[in-house]
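Asker: Please find one structure pasted underneath; my questions will follow.
The values are calculated or read from the model by the stated rules, or taken from the named source; none is laboratory data. Just so it is clear, the structure is predicted and the values come from calculations on it, not from any experiment. All Cβ positions, glycine included, derive from the backbone under ideal geometry; neighbour counts span all protein chains shown. Surface accessibility is based on the protein's heavy atoms, side chains included, excluding ligands, DNA and RNA. Shrake-Rupley method; radii C 1.70, N 1.55, O 1.52, S 1.80 Å.
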Amino acid sequence: MLKRILAIFKARNLEFIRDRGTMAWNILLPIALMAGLSLAFGGDGRTQYTVGVVQQADEIDREQHPFLSTQYVRFVTVDDAGTAMRKVARHQLDLLVDFEGGEEYWVNPSSPKGYFVELALLQTDSLVGGNLQKSEIDGDAIDYVDWVLPGILGMNMMFSCLFGVGYVVVRYRKNGFLKRLRATPVRPLEFIIAQVASRLILTLTITTIIFIGTHWALGTRMDGSYLTLLLIGFLGAVSLVAMGLLVAARVTSEELAGGLLNMINWPMMLLSGVWFSLEGAGQFVQNAAKIFPLTHILDASRAVILDGAGIADIWVSLAVLITMSVVFLALGARFFRWDPA
Amino acid sequence: MELPRHSLVRANCVNLAAPTLVARMFALEARNLVKSYPDVLAVDNVSFGVREGICFGLLGPNGAGKTTTVEIIEGVTPATSGEVYYQGEIAGRRFREEAGIQFQNTALQDNLTVMETLIMFQTLYDRQARLDDIIEACSLGELLARDNRKLSGGQRQRMLLAIALVNKPRVVFLDEPTTGLDPQARRNFWQLVQRIQNDGTTIILTTHYMDEAHVLCDEIAIMDEGRIIASGPPDELLQERYKGLIIELPIDNVKDELAGIEHQTIEDLGIVEVLTEDIPGSLSRLSPHLFDANRIKIRQANLEDLFLDLTGHSLRT
């Protein structure tokens, strides 16, 4: 069994590696995106201030707190004050304010935007005779480039896994190569394992090279363990490859496969937090995003890269990825079909 | 107990109450194969057996059901009903290990060389032939480093045959292997098939080229509309049906009715045929009815004539 898996695995690797156009696209696209974004967002390009508010909007008397009507400030309700304080430390929130209880606000003294938005808060608060208590939170800013890097790598991994497996299997089925394999002693599970292994190795290798290259060339942030990040990449790639196999299990048309894969790709790319955080989005959207493996890949990898999180901090995401992989692979193997008939 | 050599259709009449006994007489046996699709019955209760070491031809026009029949036997298309026996057992894993298959159309992986492809396929089997022998037999020596996609038609067919041989098969399926090849490449391929058969390998060949079947096959079965309509060794089938030679006349060379002369008119081909054992006598009777006595052809009956007689339509239509 192993030699048959290795034979198909090796052949698929050679086929991909020698397809220079696809190979170049897989490497150049994320590098070009990173370079472009680095130029565009390397400085502080945002013009808007973001302030976290501990209370829900309907719990606050806006007349007593005219600060909430300040222009050019985006107010975001936060569920967890601890998480919000960490964001103040990272400069992701310019200020955090609690209008109930002790009437307190938190600001990062090294944040220029925090300085200005604090001035606005104190000025408006003084108009109503408020008495807000100030707390300082230290921490370095996280550049958008640091934040978006896992998103770009995840997106690249998503395209590579879904199309590199799903689309290719459909092509194999349509042109009769699967039928030819069926006439050999190869079992469906052996074929599937070989495809998963091949794409896994290639995707992880490419992703690792790009991450290290970007880290070295652009000095992007890495606060956590490389091994933990590799584990996330591994589980994430398995789940995405398995998803591609499930889509390709029975489809016989490349056009249909492309449509189905795009139907998965685009919502996943928009809702999983590749380009921007979903914090401002509605709860429904945030919950819906949890059905995508990419969401868990990005949540976990950002936690490792930006916060130095360990496995204990991200175990939920890892467990979800493992579960998704098992379910997708089981369904893919169950419904797999060699020929178009 | 031995069935007559031309027993394929007759095999359906053999008492099949003891299937194992009958199945063991053949390297491969199809029993009551049926394949139906919503709008067509592609294979209609087909049964036949193939003895060890022979080249067996399954003939018929496009759409006759021969490829579907063979793919059911190969195990790549499920039958609606019926069974396939290999060496007396229901064909299963052992059959997959010992069968070599050349499909009519097979795409190979892109960016792989001939050698890499051969090694990949060889590794899928426990039973393996020496690659050097296959490369030599199929004349692939100079093509080993070439990309699969850059082979000519003849080279590609030799390559696909080589893939079918990588497991040292005991039975080889060749599905229309020479379609699209030029005459020289076809003849080279025939020689290759004959060499394989000389090594004792059983060959199942599907083709719509009657000359190919006549050259290569020890036994044939002719299919039409999903059924086997004749079977046996080609020469015996022809001798049984045709006593003598055929005089072939273009229709436009015939002046009037050929009254008193037994003949058949084939409108599709624009000819009139007279089967006779007395060539001089027939020619003298025909002469008064012809515009030009030189515009005639005398030939032996062939498998295409047989097919025409059995089905009423040409193989090419």
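Asker: Can you report the number of residues in the range A:173-211 which are within 14 Å of another protein chain (Cβ to nearest Cβ), surrounded by 20 or more Cβ atoms within 10 Å (Cβ to Cβ) and in contact with a Pro (Cβ under 8 Å, 6 or more places away or on another chain)?
Answerer: Matching residues across the range A:173-211 total 1.
Asker: Given the conditions (1) away from chain B (no Cβ under 14 Å); (2) modelled with pLDDT under 70, report the number of the one that A:GLN92 does not fulfil.
Answerer: It is condition (2) that A:GLN92 fails.
Asker: Ok, one more. Go through A:GLY236, A:GLY259, A:GLY224 for me and flag whichever is surrounded by fewer than 18 Cβ atoms within 10 Å (Cβ to Cβ) and either within 14 Å of chain B (Cβ to nearest Cβ) or closer than 23 Å to A:ALA289 by Cβ (or both).
Answerer: Criteria check complete, one pass: A:GLY259.
Asker: So, one more: Say we look at the range A:105-153 and pick out the residues that are surrounded by 20 or more Cβ atoms within 10 Å (Cβ to Cβ) and among the small types (Gly, Ala, Ser); which of these is nearest to the chain's Cα centre (by Cα)?
Answerer: My answer is A:GLY151.
Asker: Kindly indicate which of B:VAL76, B:VAL50 is hydrophobic (A, V, I, L, M, F, W, C) and within 28 Å of B:LEU310 (Cα to Cα).
Answerer: Of B:VAL76, B:VAL50, the one residue that is hydrophobic (A, V, I, L, M, F, W, C) and within 28 Å of B:LEU310 (Cα to Cα) is B:VAL50.
Asker: Just for the range B:20-77: of the residues that are aliphatic (A, V, I, L, M), within 14 Å of chain A (Cβ to nearest Cβ) and part of a strand (DSSP E or B), which one is least open to solvent (accessible area, probe 1.4 Å)?
Answerer: B:VAL43
Asker: Here is a further query. Looking at the range B:128-173, which of its residues are assigned to a loop (DSSP other than H, G, I, E, B) and more than 20 Å from B:ILE73 (Cα to Cα)?
Answerer: B:GLN128, B:ALA129, B:ARG130, B:CYS138, B:SER139, B:LEU140, B:LEU144, B:ALA145, B:ARG146, B:LEU151, B:SER152
Asker: Out of the residues in the range B:195-204 that are in contact (Cβ under 8 Å) with a residue 24 or more places away in the chain and open to solvent by 30 Å² or more (accessible area, probe 1.4 Å), which is nearest to B:PRO233 (Cα to Cα)?
Answerer: B:GLN197
Asker: Restricting to the range B:127-145, name every residue that is under 23 Å from B:GLN184 (Cβ atoms) and open to solvent by less than 90 Å² (accessible area, probe 1.4 Å).
Answerer: Residues satisfying the conditions are B:ILE134, B:ILE135, B:ALA137, B:CYS138, B:SER139, B:LEU140, B:GLY141, B:LEU143, B:LEU144.
Asker: I would also like to ask the following. Looking at A:ALA120 and the list (1) touching a residue at least 40 places away in the same chain (Cβ under 8 Å); (2) under 22 Å from A:ALA249 (Cα atoms), which single condition is not satisfied?
Answerer: Going through the list (1) touching a residue at least 40 places away in the same chain (Cβ under 8 Å); (2) under 22 Å from A:ALA249 (Cα atoms), A:ALA120 breaks only (2).
Asker: Another question about this same structure. State whether one or more residues within the range A:279-286 are open to solvent by less than 20 Å² (accessible area, probe 1.4 Å) and in contact (Cβ under 8 Å) with a residue 40 or more places away in the chain.
Answerer: Checked against the condition, which is being open to solvent by less than 20 Å² (accessible area, probe 1.4 Å) and in contact (Cβ under 8 Å) with a residue 40 or more places away in the chain, the range A:279-286 yields no hits at all.
Asker: State whether one or more residues within the range A:36-50 are open to solvent by less than 20 Å² (accessible area, probe 1.4 Å) and either modelled with pLDDT of 65 or more or over 30 Å from B:LEU124 (Cα atoms) (or both).
Answerer: The answer is yes; a qualifying residue exists.
Asker: Oh, and also: Taking helices (runs of 4 or more DSSP H) that fall entirely within the range A:132-231, which contain at least 1 residues that are at pLDDT below 85 and closer than 17 Å to A:SER301 by Cα?
Answerer: A:144-161
Asker: For the range B:100-115, indicate whether the set of residues that are open to solvent by 10 Å² or more (accessible area, probe 1.4 Å) and part of a helix (DSSP H, G or I) is non-empty.
Answerer: Within the range B:100-115, one or more residues are open to solvent by 10 Å² or more (accessible area, probe 1.4 Å) and part of a helix (DSSP H, G or I).
Asker: Next up: Need at least 3 residues that are farther than 20 Å from B:GLN102 by Cα and among the acidic types (Asp, Glu) per element, so show me which helices (runs of 4 or more DSSP H) inside the range B:177-258 make the cut, counting only ones lying wholly within it.
Answerer: B:234-241
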